[in-house]
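Some notes on the structure that comes next.
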Amino acid sequence: QVQLEESGGGLVQAGGSLRLSCAISGSIFSINAMGWYRQAPGKQRELVATITKIGTPTYADSVKGRFTISRDNAKNTVYLQMNSLKAEDTAVYYCNARVVPTAYWGQGTQVTVSS
């Protein structure tokens with residue numbers, strides 16, 4: 001079992017920044033990769049960024065150059081630094097842990113970008 005707890009969401013003006021954190025507990029050794037997803041009202045959940053065990057990141061095209069995913073293994077925490085935020089980034093952001101053959105999710109944190 002893996003438990004995930006997100007924090008750091010909030011309201012920010014367009015062009016601003018936020019940093020999301022995902023605290024990980026439980027069977028951390030079993031995690032293959034971590035990721036951030038988001039879901040806007042009326043839309044499907046979409047992948048934002050992932051990071052492997054060895055720290056290799058991938059990003060959705062919509063956030064490349066603006067968002068940075070990172071992990072602090074000593075603190076068992078994954079971060080999503082979000083810069084140059086746009087109104088279309090408004091969504092609930094979810095932390096995800098991939099443990100083959102399943103995955104775990106956090107409860108989500110709301111990010112609202114005002115234009």
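The values are calculated or read from the model by the stated rules, or taken from the named source; none is laboratory data. Please read all numbers here as calculations on a predicted model, not as lab measurements. Positions of Cβ are generated from backbone atoms using ideal geometry, with glycine treated the same way; all protein chains shown enter the neighbour counts. Just so you know, the surface numbers come from the protein's heavy atoms only, side chains and all, with ligands and any DNA or RNA stripped out. Shrake-Rupley method; radii C 1.70, N 1.55, O 1.52, S 1.80 Å.
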Of those in region 83-112 that are aliphatic (A, V, I, L, M) and more than 13 Å from the chain's Cα centre (by Cα), the residue surrounded by the fewest Cβ atoms within 10 Å (Cβ to Cβ) is 100
Just to verify a result, which residue in region 15-64, among those that are hydrophobic (A, V, I, L, M, F, W, C) and out of contact with any strand residue (DSSP E or B) (no Cβ under 8 Å at 6 or more places or on another chain), is farthest from residue 88 (Cα to Cα)?
29
Among the residues of region 46-64, the number that are over 13 Å from residue 97 (Cα atoms) and either touching a Cys at 6+ places or on another chain (Cβ under 7 Å) or open to solvent by 50 Å² or more (accessible area, probe 1.4 Å) (or both) is 9
Looking at residue 60, is it out of contact with any Pro (no Cβ under 9 Å at 6 or more places or on another chain) and over 18 Å from residue 13 (Cβ atoms)?
yes
Being in a strand (DSSP E or B), over 16 Å from residue 86 (Cα atoms), open to solvent by 60 Å² or more (accessible area, probe 1.4 Å) and not polar (S, T, N, Q) is the filter here; which residues of region 1-45 pass it?
5
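Have a look at 42, 35 and point out the one that is within 16 Å of residue 71 (Cα to Cα) and not hydroxyl-bearing (Ser, Thr, Tyr).
Only one candidate qualifies: 35.
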